[in-house]
Every structure is written in structure tokens, then in C-alpha cells.
1. Note down all Cβ pairs under 7 Å where the first residue falls in region 1-16 and is farther than 21 Å from residue 27 by Cα, the second is modelled with pLDDT under 75, and they're at least six residues apart or on different chains.
2. I need the full set of residues from region 1-48 which are surrounded by 14 or more Cβ atoms within 10 Å (Cβ to Cβ) and among the small types (Gly, Ala, Ser), in order please.
3. For the chain, which fully contained strands (runs of 3 or more DSSP E) count at least 3 residues that are modelled with pLDDT of 85 or more?
Amino acid sequence: MRLFIKKKSNMQWLVYAIDKKSKRVASFYIGKRTNKTLNTVIKTLLNSNPEKNTHR
């Protein structure tokens with residue numbers, strides 16, 4: 001999601017991850033549109049040791 005802070009020339013991006021099962025936000029980060037911003041969310045998710053659901 002794109003947003004701006006104070007003026008339109010200061011664009012920021014909201015990157016978020018949603019838990020598929022509970023529909024809750026698992027992680028989010030606001031920053032520039034770079035790989036660093038995306039990797040911050042991914043790293044947080046990987047470090048949280050999510051349980052894999054083996055039941056279908």
C-alpha cells in the first residue's frame with residue numbers, strides 16, 4: 001500500500017503479511033519501496049518460527 005507523509009513527494013510504502021488462518025496481520029513495516037523494506041517483513045516472519053500445519 002502506498003502512502004505519503006506530510007507531502008506527496010515523501011512517498012512511503014506499507015508492507016504487511018497476513019496470517020492465512022486467523023486473518024490477522026502477522027507483520028508490517030513502513031518504508032521506501034526497496035528490497036530492504038520487503039526483506040524486513042520476511043525476516044521477521046522467518047524468525048517467528050511459524051508452526052507448519054500438517055492437518056488438511
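The values are calculated or read from the model by the stated rules, or taken from the named source; none is laboratory data. These figures come from a predicted structure and were not determined experimentally. Neighbour counts run over all protein chains shown; Cβ positions are idealised from the backbone, glycine included.
1. Listed pairs, sorted by first residue: 10/4.
2. Residues satisfying the conditions are 17, 26, 27, 31.
3. 11-18, 25-31
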